[in-house]
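The values are calculated or read from the model by the stated rules, or taken from the named source; none is laboratory data. Keep in mind the model is a prediction, meaning the values are calculated, not measured. So basically every Cβ, Gly included, is an ideal-geometry build from the backbone, and we count neighbours across all protein chains shown.
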Amino acid sequence: MGKRRALTVVVAVLAGLALLLAFHWRPDIPVEKLLEEYAGENSRFVEIDGMKVHYRDEGSGEPVVLLHGVLSSLHTWDGWTAELQRERRVIRLDLPGFGLTGPGTEPQINLDYYVEFMAKFLDALGLERVTMAGNSMGGGITWLFAARYPERVDKIVLLDAAGFLTADDNLNLFKLAGSPVLKPLVRYCTPRYLVSVFARQVYGDPGRLEADTITRYYRLLRREGNRDVLTSFGNLAASLSVADVQEALASIEVPTLIIWGDKDRWIPVEHAHLFHQNIPGSDLKIYEGAGHVPMEEIPQETVADVIAFLNR
């Protein structure tokens, strides 16, 4: 009887998984299809390490490079770009593993990889020195790039930046996504409603989130290869020790503006104060009611403060 019950449980579990796959299976979307939808008239491509990196280069003047976070794309900076390009050259890109760029060639994805990638990207565009702004993972890349390549950075802006997260912190989501049990499900079972749940989490006020924005997140996640990268991010948060982070931040000498939403559910606002304490002479601006992506949620308010900072 025991064996029969065990067999019944196994069959029920397998049947449940089969139903889950059947109802939630979402195939990859060919990049050619997504190019029609999300490559605008200002889109350009540059080949780096075998990848065709998607970026946009708009406006003129001193260059500002904008770096998005995990699960995002260069579109997160639309609101900022509309204002910044009036007086600056604005360069934003889809980082490897995201947006139209797709997966990179390195199996281990961490901040070190992206910092070296950014050095190659700037070289490819002939940019010797830039202002850099980054959100979440992009913020982590920004401060680490400023610490390792101080001669290439004028100013930096950190928005809800990664850095003080640990392996036991909020990004456990990505550890779960890469687990042997859940990895196949995450790779193929990403229905739109699930993406909507996570998108709403990064807004302080989900009412500000537009349906088209959710659709964009959803469709670009399904770009060929992007979900493979998603399941490999389990060690991102713990790729540097707190001591390493503090040492790197203490070495940053360029003017730094730290921006944070006080309703950030992914990286708590307490981390804003840690960055402020560890980066000498940094400025801190916290936005009431905003979440993890303040440049996307409240673009007009945040970009006005950034322009004032850049023009000081």
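Results for (1) at pLDDT below 85; (2) not basic (Lys, Arg), shown as yes or no for each residue.
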site	(1), (2)
PHE198	no, yes
GLU210	no, yes
VAL229	yes, yes
GLN246	no, yes
LEU257	no, yes
ARG265	no, no
GLN277	no, yes
LYS285	no, no
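Select from segment 37-54 the residues that are within 28 Å of ILE267 (Cα to Cα) and free of Cβ contacts under 8 Å to residues at least 60 places away in the same chain and list them in ascending order. Give the derivation first.
First, pick out the residues of segment 37-54 that are within 28 Å of ILE267 (Cα to Cα): 53-54.
Listed by number, the list holds a single entry, HIS54.
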Would you check if there is a residue in segment 144-151 being modelled with pLDDT of 95 or more, touching a Lys or Arg at 6+ places or on another chain (Cβ under 9 Å), within 20 Å of THR256 (Cα to Cα) and surrounded by fewer than 19 Cβ atoms within 10 Å (Cβ to Cβ)? yes
Quick one: what pairs do we get from segment 286-312, first residue crowded, with 21+ Cβ neighbours inside 10 Å, second among the hydroxyl-bearing types (Ser, Thr, Tyr) and not in a helix (DSSP H, G or I), C-beta under 6 Å, 6+ apart or different chains? GLY291/TYR203; PRO294/TYR287; GLU297/TYR203
Quick one: ALA248 ticks every box in (1) assigned to a helix (DSSP H, G or I); (2) of a type in the set (Gly, Ala, Ser); (3) closer than 30 Å to GLY61 by Cα; (4) without any contact (Cβ under 8 Å) to a residue 60 or more places away in the chain except a single one, so which number is it? (4)
I need the full set of residues from segment 75-95 which are outside any helix (DSSP H, G or I) and crowded, with 23+ Cβ neighbours inside 10 Å, in order please. VAL90, ILE91, ARG92, LEU93, ASP94, LEU95
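Would you mind finding the one in THR166, THR215 that is modelled with pLDDT of 95 or more, surrounded by fewer than 21 Cβ atoms within 10 Å (Cβ to Cβ) and over 16 Å from the mean Cα position of the chain (by Cα)?
Working: THR166 fails: modelled with pLDDT of 95 or more.
Residue meeting the stated conditions: THR215.
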Residues being polar (S, T, N, Q) and surrounded by 20 or more Cβ atoms within 10 Å (Cβ to Cβ) - total across segment 53-74: 2
